[in-house]
1. If each of residue 165 and residue 379 carries a label point 7 Å out from its Cα toward its Cβ, how far apart are those two points in nm?
2. Lys and Arg at +1, Asp and Glu at -1: add these up for the other residues within a Cβ distance under 11 Å of residue 340 and post the number.
3. Exactly which trypsin sites (Lys or Arg not before Pro) in the stretch 163-198 are in a DSSP loop and have at most 13 other Cβ atoms within 10 Å?
4. What is the local net charge at residue 87, summed over the other residues whose Cβ is closer than 13 Å to its Cβ (Lys, Arg +1; Asp, Glu -1)?
5. Can you give the FRET efficiency to the nearest 0.05 for residue 82 and residue 243, using r as the Cβ-Cβ distance and R₀ = 41 Å?
6. Ignoring ligands, DNA and RNA, please state the percent of accessible area on the chain from carbon and sulfur, probe 1.4 Å.
7. DSSP loop (so not H, G, I, E, B), at most 13 other Cβ within 10 Å: list which chymotrypsin sites (Phe, Trp or Tyr not before Pro) in the stretch 11-100 pass both filters.
8. For 156, 229, 239, give the ranking by accessible area with the largest first, probe 1.4 Å.
Amino acid sequence: MEQTGCGGEWVSLDSRGALTVPANPNIGFIEGDGSGPDIWTATRPVLDAAVFKSYAGKRKINWLELAAGERAVKETGDPLPEKTIELIRKCVVAIKGPLTTPVGKGMRSLNVTLRRILDLYACIRPVRYFPGIPSPVRHPERVDMVVFRENTEDVYAGIEWESGSSEAELFARLLRDNFKVSLPAEAGIGIKPISPGGTRRLVRRALAHAVRRGLPSVTLVHKGNIMKYTEGAFRKWGYELAREEFAQTVVTEDEVREKFGGKAPAGKVVIKDRIADSMFQQVLLRPEEYSVIATPNLNGDYLSDALAAQVGGLGMAPGANIGDLAAVFEATHGTAPKYAGLDKVNPGSLILSGAMMLDHLGWGEAAKLIEEALERTVADRIVTYDLARQMKGAKEVGCSSFGVAIIEHMN
Ligand code: NAP
(Lines give C-alpha, C1' and ligand atoms only; values in the text may rest on other atoms or scores of the structure.)
Protein backbone atom coordinates (compact mmCIF):
# COMPACT_ATOMS: atom_id res chain seq x y z
CA MET A 1 0.00 0.00 0.00
CA GLU A 2 1.21 3.49 -0.84
CA GLN A 3 2.58 5.57 2.07
CA THR A 4 1.46 9.20 2.32
CA GLY A 5 4.57 10.49 3.97
CA CYS A 6 2.43 11.68 6.88
CA GLY A 7 2.14 8.49 8.86
CA GLY A 8 -0.77 6.74 7.21
CA GLU A 9 -1.50 4.37 4.33
CA TRP A 10 -4.28 4.53 1.78
CA VAL A 11 -7.39 2.36 1.90
CA SER A 12 -7.88 0.62 -1.44
CA LEU A 13 -10.70 -1.03 -3.37
CA ASP A 14 -10.44 -4.29 -5.32
CA SER A 15 -12.20 -4.95 -8.63
CA ARG A 16 -15.32 -6.19 -6.82
CA GLY A 17 -15.47 -3.07 -4.67
CA ALA A 18 -14.19 -4.72 -1.46
CA LEU A 19 -12.05 -2.54 0.82
CA THR A 20 -8.50 -3.34 1.83
CA VAL A 21 -7.85 -1.42 5.04
CA PRO A 22 -4.33 -0.99 6.46
CA ALA A 23 -3.75 -0.78 10.23
CA ASN A 24 -3.15 2.98 9.95
CA PRO A 25 -5.55 4.18 7.23
CA ASN A 26 -5.72 7.79 6.02
CA ILE A 27 -9.28 8.92 6.67
CA GLY A 28 -10.50 12.32 5.51
CA PHE A 29 -12.52 14.58 7.77
CA ILE A 30 -14.44 17.79 7.18
CA GLU A 31 -15.19 19.60 10.44
CA GLY A 32 -18.19 21.40 9.00
CA ASP A 33 -19.68 24.83 9.68
CA GLY A 34 -21.52 26.35 12.65
CA SER A 35 -21.40 23.85 15.49
CA GLY A 36 -19.62 21.32 13.21
CA PRO A 37 -16.21 21.97 14.85
CA ASP A 38 -17.81 21.46 18.31
CA ILE A 39 -19.19 18.03 17.43
CA TRP A 40 -16.03 17.02 15.59
CA THR A 41 -13.87 17.99 18.61
CA ALA A 42 -16.08 15.72 20.75
CA THR A 43 -16.23 12.89 18.19
CA ARG A 44 -12.61 12.36 17.17
CA PRO A 45 -11.32 11.30 20.64
CA VAL A 46 -14.25 8.84 20.94
CA LEU A 47 -13.34 7.18 17.62
CA ASP A 48 -9.63 7.12 18.48
CA ALA A 49 -10.27 5.68 21.96
CA ALA A 50 -12.57 2.94 20.60
CA VAL A 51 -9.98 1.90 18.00
CA PHE A 52 -7.16 1.98 20.55
CA LYS A 53 -9.09 -0.07 23.12
CA SER A 54 -10.46 -2.58 20.57
CA TYR A 55 -7.11 -3.38 18.93
CA ALA A 56 -4.68 -2.77 21.82
CA GLY A 57 -3.04 0.12 19.98
CA LYS A 58 -2.25 -1.97 16.87
CA ARG A 59 -4.61 0.07 14.68
CA LYS A 60 -4.83 3.85 14.46
CA ILE A 61 -6.58 6.24 12.10
CA ASN A 62 -4.39 8.86 10.43
CA TRP A 63 -6.81 11.79 10.12
CA LEU A 64 -6.48 14.09 7.09
CA GLU A 65 -8.30 17.41 7.38
CA LEU A 66 -10.20 18.41 4.22
CA ALA A 67 -11.33 21.93 3.44
CA ALA A 68 -15.01 22.60 2.74
CA GLY A 69 -17.69 25.13 3.66
CA GLU A 70 -17.24 28.57 5.18
CA ARG A 71 -13.61 28.04 6.22
CA ALA A 72 -12.70 26.88 2.71
CA VAL A 73 -14.36 29.99 1.26
CA LYS A 74 -12.20 32.18 3.53
CA GLU A 75 -9.02 30.27 2.69
CA THR A 76 -9.50 29.51 -1.01
CA GLY A 77 -12.62 31.36 -2.18
CA ASP A 78 -14.21 28.01 -3.04
CA PRO A 79 -16.67 26.19 -0.69
CA LEU A 80 -15.74 22.81 -2.14
CA PRO A 81 -12.17 22.88 -3.50
CA GLU A 82 -11.23 20.32 -6.15
CA LYS A 83 -8.40 19.17 -3.84
CA THR A 84 -11.01 18.07 -1.25
CA ILE A 85 -12.85 15.94 -3.80
CA GLU A 86 -9.54 14.48 -4.98
CA LEU A 87 -8.54 13.56 -1.42
CA ILE A 88 -11.90 11.96 -0.60
CA ARG A 89 -11.45 9.82 -3.74
CA LYS A 90 -7.95 8.91 -2.60
CA CYS A 91 -9.00 8.18 1.02
CA VAL A 92 -12.06 6.17 -0.21
CA VAL A 93 -13.61 6.78 3.24
CA ALA A 94 -14.31 10.15 4.89
CA ILE A 95 -16.47 11.69 7.61
CA LYS A 96 -18.01 15.16 7.73
CA GLY A 97 -19.86 17.57 9.96
CA PRO A 98 -22.77 19.62 8.62
CA LEU A 99 -22.13 22.32 6.01
CA THR A 100 -23.95 25.60 5.45
CA THR A 101 -25.42 25.98 1.99
CA PRO A 102 -23.89 29.21 0.67
CA VAL A 103 -26.61 31.65 -0.38
CA GLY A 104 -26.36 33.24 -3.83
CA LYS A 105 -23.29 31.25 -4.94
CA GLY A 106 -25.19 29.21 -7.52
CA MET A 107 -24.68 25.92 -5.68
CA ARG A 108 -27.88 24.20 -4.51
CA SER A 109 -26.20 22.56 -1.52
CA LEU A 110 -22.64 21.46 -0.78
CA ASN A 111 -23.96 18.13 0.48
CA VAL A 112 -25.97 17.47 -2.68
CA THR A 113 -22.96 18.55 -4.79
CA LEU A 114 -20.62 16.21 -2.91
CA ARG A 115 -23.03 13.29 -3.38
CA ARG A 116 -23.39 14.05 -7.10
CA ILE A 117 -19.68 14.55 -7.87
CA LEU A 118 -18.65 11.39 -5.99
CA ASP A 119 -21.74 9.45 -7.15
CA LEU A 120 -22.63 8.52 -3.56
CA TYR A 121 -25.86 6.87 -4.64
CA ALA A 122 -26.99 5.21 -1.40
CA CYS A 123 -27.93 7.29 1.63
CA ILE A 124 -27.92 4.82 4.49
CA ARG A 125 -29.62 5.72 7.77
CA PRO A 126 -29.85 3.11 10.55
CA VAL A 127 -32.61 3.91 13.04
CA ARG A 128 -32.77 2.26 16.43
CA TYR A 129 -33.74 3.23 19.93
CA PHE A 130 -31.34 3.95 22.78
CA PRO A 131 -33.11 3.21 26.09
CA GLY A 132 -33.77 6.33 28.14
CA ILE A 133 -34.09 8.76 25.24
CA PRO A 134 -37.43 10.58 25.28
CA SER A 135 -39.63 9.44 22.39
CA PRO A 136 -43.11 10.48 21.23
CA VAL A 137 -44.29 6.84 20.81
CA ARG A 138 -45.11 4.14 23.38
CA HIS A 139 -42.74 1.46 22.04
CA PRO A 140 -39.75 3.10 20.36
CA GLU A 141 -37.69 -0.02 21.15
CA ARG A 142 -39.62 -1.86 18.42
CA VAL A 143 -37.92 0.29 15.77
CA ASP A 144 -34.74 -1.29 14.41
CA MET A 145 -34.43 -0.46 10.73
CA VAL A 146 -31.92 0.65 8.12
CA VAL A 147 -33.17 2.97 5.38
CA PHE A 148 -31.41 2.77 1.99
CA ARG A 149 -32.48 5.94 0.21
CA GLU A 150 -31.56 6.44 -3.45
CA ASN A 151 -29.45 9.60 -3.49
CA THR A 152 -29.00 10.75 -7.09
CA GLU A 153 -32.34 10.56 -8.95
CA ASP A 154 -36.02 11.41 -8.48
CA VAL A 155 -37.24 15.01 -8.12
CA TYR A 156 -33.94 15.68 -6.31
CA ALA A 157 -32.00 15.43 -9.57
CA GLY A 158 -32.43 19.21 -9.79
CA ILE A 159 -34.09 19.26 -13.23
CA GLU A 160 -36.60 22.04 -12.71
CA TRP A 161 -37.66 25.33 -14.23
CA GLU A 162 -39.18 28.35 -12.57
CA SER A 163 -42.71 29.56 -13.26
CA GLY A 164 -42.68 32.04 -16.15
CA SER A 165 -39.13 31.18 -17.29
CA SER A 166 -38.47 30.68 -20.99
CA GLU A 167 -37.43 27.07 -20.26
CA ALA A 168 -40.72 26.31 -18.47
CA GLU A 169 -42.69 27.87 -21.31
CA LEU A 170 -40.71 25.91 -23.92
CA PHE A 171 -41.25 22.67 -22.05
CA ALA A 172 -44.99 23.37 -21.62
CA ARG A 173 -45.21 23.99 -25.37
CA LEU A 174 -43.34 20.75 -26.11
CA LEU A 175 -45.83 18.80 -23.98
CA ARG A 176 -48.82 20.52 -25.55
CA ASP A 177 -47.65 20.19 -29.17
CA ASN A 178 -46.29 16.63 -28.97
CA PHE A 179 -48.22 14.88 -26.23
CA LYS A 180 -51.48 16.88 -26.04
CA VAL A 181 -50.81 17.56 -22.36
CA SER A 182 -51.84 20.97 -21.02
CA LEU A 183 -50.17 22.33 -17.92
CA PRO A 184 -51.76 25.02 -15.74
CA ALA A 185 -50.71 28.51 -16.90
CA GLU A 186 -47.27 29.56 -15.62
CA ALA A 187 -46.65 26.22 -13.87
CA GLY A 188 -43.19 25.71 -12.46
CA ILE A 189 -41.90 22.34 -13.72
CA GLY A 190 -39.81 19.62 -12.06
CA ILE A 191 -38.75 16.31 -13.64
CA LYS A 192 -38.67 12.99 -11.81
CA PRO A 193 -36.19 10.58 -13.40
CA ILE A 194 -35.93 7.05 -11.95
CA SER A 195 -33.79 4.62 -13.92
CA PRO A 196 -33.31 0.82 -13.92
CA GLY A 197 -29.56 1.27 -13.25
CA GLY A 198 -30.11 3.70 -10.37
CA THR A 199 -32.73 1.43 -8.82
CA ARG A 200 -30.79 -1.79 -9.24
CA ARG A 201 -27.57 -0.58 -7.62
CA LEU A 202 -29.50 0.77 -4.61
CA VAL A 203 -31.62 -2.36 -4.14
CA ARG A 204 -28.51 -4.54 -4.62
CA ARG A 205 -26.83 -2.76 -1.68
CA ALA A 206 -29.94 -3.08 0.50
CA LEU A 207 -30.31 -6.81 -0.24
CA ALA A 208 -26.60 -7.49 0.21
CA HIS A 209 -26.74 -5.73 3.59
CA ALA A 210 -29.72 -7.85 4.72
CA VAL A 211 -28.10 -11.09 3.53
CA ARG A 212 -24.72 -10.28 5.13
CA ARG A 213 -26.30 -9.34 8.46
CA GLY A 214 -28.89 -12.15 8.48
CA LEU A 215 -31.75 -9.63 8.63
CA PRO A 216 -35.31 -10.84 8.03
CA SER A 217 -36.61 -8.57 5.24
CA VAL A 218 -36.12 -5.84 2.67
CA THR A 219 -39.14 -3.65 1.90
CA LEU A 220 -39.35 -1.64 -1.34
CA VAL A 221 -41.25 1.55 -0.48
CA HIS A 222 -42.79 3.32 -3.48
CA LYS A 223 -45.79 5.27 -4.71
CA GLY A 224 -46.21 3.06 -7.77
CA ASN A 225 -50.01 3.04 -7.68
CA ILE A 226 -49.92 6.69 -8.84
CA MET A 227 -46.51 7.18 -10.52
CA LYS A 228 -46.39 3.93 -12.46
CA TYR A 229 -43.35 4.49 -14.68
CA THR A 230 -41.07 5.93 -11.99
CA GLU A 231 -42.07 4.67 -8.52
CA GLY A 232 -43.91 1.64 -9.95
CA ALA A 233 -40.88 0.83 -12.07
CA PHE A 234 -38.65 1.11 -8.97
CA ARG A 235 -40.75 -1.70 -7.45
CA LYS A 236 -40.62 -3.82 -10.62
CA TRP A 237 -36.84 -3.40 -11.13
CA GLY A 238 -36.25 -4.10 -7.42
CA TYR A 239 -38.02 -7.47 -7.61
CA GLU A 240 -36.27 -8.30 -10.91
CA LEU A 241 -32.87 -7.62 -9.36
CA ALA A 242 -33.72 -9.82 -6.36
CA ARG A 243 -34.76 -12.67 -8.69
CA GLU A 244 -31.71 -12.34 -10.94
CA GLU A 245 -28.96 -11.85 -8.35
CA PHE A 246 -30.27 -13.17 -5.01
CA ALA A 247 -32.35 -16.21 -6.00
CA GLN A 248 -30.54 -18.47 -3.50
CA THR A 249 -31.01 -16.20 -0.50
CA VAL A 250 -34.18 -14.17 -1.05
CA VAL A 251 -37.88 -15.12 -1.25
CA THR A 252 -40.81 -12.83 -2.02
CA GLU A 253 -43.62 -12.23 0.43
CA ASP A 254 -46.03 -13.88 -2.07
CA GLU A 255 -43.84 -17.02 -2.16
CA VAL A 256 -43.80 -17.13 1.64
CA ARG A 257 -47.62 -17.11 1.62
CA GLU A 258 -48.15 -19.46 -1.32
CA LYS A 259 -45.31 -21.99 -0.95
CA PHE A 260 -44.20 -21.86 2.67
CA GLY A 261 -47.47 -21.63 4.64
CA GLY A 262 -46.88 -18.02 5.68
CA LYS A 263 -43.56 -18.65 7.43
CA ALA A 264 -40.30 -17.57 5.79
CA PRO A 265 -37.80 -20.46 5.42
CA ALA A 266 -34.90 -20.20 7.88
CA GLY A 267 -31.97 -18.14 6.63
CA LYS A 268 -33.91 -16.47 3.79
CA VAL A 269 -34.47 -12.73 3.42
CA VAL A 270 -38.06 -11.83 2.49
CA ILE A 271 -38.48 -9.12 -0.13
CA LYS A 272 -41.78 -7.25 0.02
CA ASP A 273 -43.12 -3.87 -1.01
CA ARG A 274 -45.36 -1.22 0.52
CA ILE A 275 -46.95 1.93 -0.85
CA ALA A 276 -45.30 4.94 0.78
CA ASP A 277 -48.37 6.40 2.51
CA SER A 278 -49.24 3.03 4.03
CA MET A 279 -45.62 2.59 5.10
CA PHE A 280 -45.81 5.69 7.31
CA GLN A 281 -48.67 3.97 9.19
CA GLN A 282 -46.89 0.63 9.26
CA VAL A 283 -43.71 1.98 10.88
CA LEU A 284 -45.84 3.54 13.63
CA LEU A 285 -48.19 0.59 14.16
CA ARG A 286 -46.07 -2.50 13.35
CA PRO A 287 -42.42 -1.40 13.23
CA GLU A 288 -41.16 -4.85 14.25
CA GLU A 289 -42.24 -6.19 10.82
CA TYR A 290 -39.70 -4.01 8.98
CA SER A 291 -35.94 -4.30 8.91
CA VAL A 292 -34.24 -2.96 5.77
CA ILE A 293 -36.04 -0.39 3.60
CA ALA A 294 -35.05 0.50 0.02
CA THR A 295 -36.76 3.52 -1.48
CA PRO A 296 -36.45 6.37 -3.99
CA ASN A 297 -35.00 9.70 -2.92
CA LEU A 298 -38.02 11.75 -1.80
CA ASN A 299 -39.79 8.90 0.07
CA GLY A 300 -36.49 8.12 1.77
CA ASP A 301 -35.95 11.71 2.85
CA TYR A 302 -39.35 11.88 4.56
CA LEU A 303 -39.27 8.36 5.97
CA SER A 304 -35.79 8.51 7.50
CA ASP A 305 -36.52 11.78 9.34
CA ALA A 306 -39.91 10.47 10.53
CA LEU A 307 -38.27 7.29 11.83
CA ALA A 308 -35.53 9.30 13.56
CA ALA A 309 -38.24 11.36 15.29
CA GLN A 310 -39.95 8.13 16.38
CA VAL A 311 -36.83 7.08 18.34
CA GLY A 312 -36.01 10.49 19.80
CA GLY A 313 -34.87 12.88 17.08
CA LEU A 314 -32.12 13.81 14.66
CA GLY A 315 -29.59 14.66 17.40
CA MET A 316 -28.67 10.95 17.61
CA ALA A 317 -29.37 9.82 14.03
CA PRO A 318 -26.28 8.64 12.08
CA GLY A 319 -25.95 8.51 8.31
CA ALA A 320 -23.69 7.62 5.41
CA ASN A 321 -23.59 8.40 1.71
CA ILE A 322 -22.02 5.51 -0.12
CA GLY A 323 -21.04 4.89 -3.72
CA ASP A 324 -18.96 2.27 -5.48
CA LEU A 325 -15.75 4.30 -5.17
CA ALA A 326 -16.15 6.36 -1.99
CA ALA A 327 -18.14 6.63 1.24
CA VAL A 328 -18.80 9.77 3.27
CA PHE A 329 -20.25 9.41 6.77
CA GLU A 330 -22.06 12.42 8.19
CA ALA A 331 -24.14 13.97 10.96
CA THR A 332 -27.72 14.05 9.70
CA HIS A 333 -28.65 17.38 11.34
CA GLY A 334 -27.64 20.85 10.15
CA THR A 335 -25.04 23.33 11.43
CA ALA A 336 -27.18 24.61 14.37
CA PRO A 337 -25.43 28.00 13.94
CA LYS A 338 -26.83 29.65 17.07
CA TYR A 339 -24.87 27.16 19.20
CA ALA A 340 -21.59 27.45 17.25
CA GLY A 341 -18.54 27.52 19.53
CA LEU A 342 -20.59 27.06 22.72
CA ASP A 343 -19.58 23.40 23.25
CA LYS A 344 -23.26 22.69 23.79
CA VAL A 345 -24.89 20.63 21.01
CA ASN A 346 -25.31 16.87 20.96
CA PRO A 347 -22.43 15.14 19.12
CA GLY A 348 -24.33 11.79 19.11
CA SER A 349 -25.20 11.87 15.42
CA LEU A 350 -21.59 12.34 14.32
CA ILE A 351 -20.25 9.86 16.90
CA LEU A 352 -22.67 7.17 15.71
CA SER A 353 -21.84 8.02 12.08
CA GLY A 354 -18.21 7.48 13.06
CA ALA A 355 -19.17 4.07 14.49
CA MET A 356 -20.86 3.25 11.16
CA MET A 357 -17.65 4.28 9.42
CA LEU A 358 -15.54 1.98 11.59
CA ASP A 359 -17.94 -0.86 10.79
CA HIS A 360 -17.61 -0.04 7.07
CA LEU A 361 -13.82 -0.32 7.46
CA GLY A 362 -14.33 -3.80 8.91
CA TRP A 363 -13.50 -2.58 12.43
CA GLY A 364 -16.80 -3.81 13.87
CA GLU A 365 -15.42 -4.33 17.41
CA ALA A 366 -14.62 -0.62 17.74
CA ALA A 367 -18.04 0.32 16.28
CA LYS A 368 -19.81 -1.91 18.79
CA LEU A 369 -17.76 -0.52 21.67
CA ILE A 370 -18.92 3.02 20.81
CA GLU A 371 -22.59 2.05 20.46
CA GLU A 372 -22.59 0.17 23.75
CA ALA A 373 -20.73 2.94 25.59
CA LEU A 374 -23.12 5.58 24.24
CA GLU A 375 -26.06 3.43 25.29
CA ARG A 376 -24.67 3.12 28.83
CA THR A 377 -23.93 6.87 29.02
CA VAL A 378 -27.52 7.74 28.11
CA ALA A 379 -28.85 5.05 30.45
CA ASP A 380 -26.87 6.83 33.22
CA ARG A 381 -28.80 9.98 32.17
CA ILE A 382 -25.65 11.84 31.14
CA VAL A 383 -26.85 13.83 28.14
CA THR A 384 -26.55 17.17 26.31
CA TYR A 385 -29.09 20.01 26.68
CA ASP A 386 -31.45 18.81 23.93
CA LEU A 387 -32.17 15.54 25.73
CA ALA A 388 -31.75 16.92 29.27
CA ARG A 389 -34.66 19.30 28.73
CA GLN A 390 -36.94 16.34 28.10
CA MET A 391 -35.59 13.85 30.67
CA LYS A 392 -36.33 13.76 34.40
CA GLY A 393 -33.23 13.61 36.61
CA ALA A 394 -30.79 14.07 33.72
CA LYS A 395 -27.23 15.27 34.27
CA GLU A 396 -26.70 17.88 31.55
CA VAL A 397 -23.18 18.03 30.12
CA GLY A 398 -21.59 19.97 27.27
CA CYS A 399 -20.73 18.58 23.85
CA SER A 400 -17.11 17.60 24.57
CA SER A 401 -17.97 16.29 28.08
CA PHE A 402 -20.55 13.97 26.50
CA GLY A 403 -17.73 12.56 24.35
CA VAL A 404 -15.52 12.15 27.42
CA ALA A 405 -18.38 10.39 29.26
CA ILE A 406 -18.72 7.93 26.36
CA ILE A 407 -15.00 7.15 26.54
CA GLU A 408 -15.35 6.61 30.31
CA HIS A 409 -18.21 4.18 29.64
CA MET A 410 -16.05 1.98 27.35
CA ASN A 411 -14.86 -0.96 29.39
P1 NAP B 1 -30.21 22.55 12.10
O2 NAP B 1 -28.86 23.11 11.96
O3 NAP B 1 -30.34 21.06 12.12
O4 NAP B 1 -30.80 23.16 13.46
C5 NAP B 1 -32.16 23.25 13.80
C6 NAP B 1 -32.35 22.96 15.28
O7 NAP B 1 -32.20 21.56 15.49
C8 NAP B 1 -31.32 23.60 16.22
O9 NAP B 1 -31.59 24.95 16.49
C10 NAP B 1 -31.47 22.70 17.42
O11 NAP B 1 -32.73 22.89 18.07
C12 NAP B 1 -31.59 21.33 16.76
N13 NAP B 1 -30.28 20.68 16.54
C14 NAP B 1 -29.62 20.50 15.37
N15 NAP B 1 -28.48 19.82 15.57
C16 NAP B 1 -28.42 19.56 16.89
C17 NAP B 1 -27.49 18.89 17.72
N18 NAP B 1 -26.37 18.33 17.24
N19 NAP B 1 -27.75 18.82 19.05
C20 NAP B 1 -28.85 19.36 19.56
N21 NAP B 1 -29.78 20.00 18.84
C22 NAP B 1 -29.57 20.12 17.51
O23 NAP B 1 -31.19 23.07 10.94
P24 NAP B 1 -31.26 24.49 10.21
O25 NAP B 1 -31.16 25.60 11.24
O26 NAP B 1 -32.46 24.40 9.37
O27 NAP B 1 -30.01 24.53 9.24
C28 NAP B 1 -28.82 25.29 9.50
C29 NAP B 1 -27.84 25.08 8.35
O30 NAP B 1 -27.49 23.71 8.25
C31 NAP B 1 -28.35 25.50 6.95
O32 NAP B 1 -27.34 26.21 6.27
C33 NAP B 1 -28.59 24.18 6.23
O34 NAP B 1 -28.38 24.29 4.85
C35 NAP B 1 -27.53 23.30 6.88
N36 NAP B 1 -27.83 21.85 6.84
C37 NAP B 1 -26.78 21.04 6.56
C38 NAP B 1 -26.97 19.65 6.57
C39 NAP B 1 -25.79 18.78 6.26
O40 NAP B 1 -24.69 19.27 6.16
N41 NAP B 1 -25.98 17.48 6.11
C42 NAP B 1 -28.22 19.11 6.88
C43 NAP B 1 -29.27 19.98 7.19
C44 NAP B 1 -29.06 21.37 7.17
P45 NAP B 1 -33.01 23.83 19.33
O46 NAP B 1 -32.77 25.22 18.88
O47 NAP B 1 -34.45 23.54 19.64
O48 NAP B 1 -32.12 23.44 20.44
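The values are calculated or read from the model by the stated rules, or taken from the named source; none is laboratory data. Quick caveat: nothing in here was measured; it's all calculated off a predicted structure. Because the Cβ atoms are built from the backbone with ideal geometry, glycine has one as well, and the counts that use them run over all protein chains shown. All accessible areas refer to the heavy atoms of the entire protein, side chains included, with ligands and DNA or RNA removed. Shrake-Rupley method; radii C 1.70, N 1.55, O 1.52, S 1.80 Å.
1. The modelled label-to-label distance comes out at 5.3 nm.
2. Result for the neighbourhood of residue 340: -2.
3. Details: sites: 173, 176, 180; in loops: 180.
Of the trypsin sites (Lys or Arg not before Pro), the ones in loops of the stretch 163-198 whose Cβ has at most 13 other Cβ atoms within 10 Å are 180.
4. On the way: positive: 83, 89, 90, 96; negative: 65, 82, 86.
Once all neighbours under 13 Å are counted, the net charge is +1.
5. Numbers: r = 42 Å, r/R0 = 1.02.
The calculated FRET efficiency here is 0.45.
6. On the way: 10070 of 19250 Å².
Of all accessible area on the chain, carbon and sulfur atoms account for 52 percent.
7. Numbers: sites: 29, 40, 52, 55, 63; in loops: 55.
Within the stretch 11-100, no chymotrypsin sites (Phe, Trp or Tyr not before Pro) qualify (loop, at most 13 other Cβ atoms within 10 Å).
8. Details: 156 75, 229 190, 239 40 Å².
Largest to smallest exposure gives the sequence 229, 156, 239.
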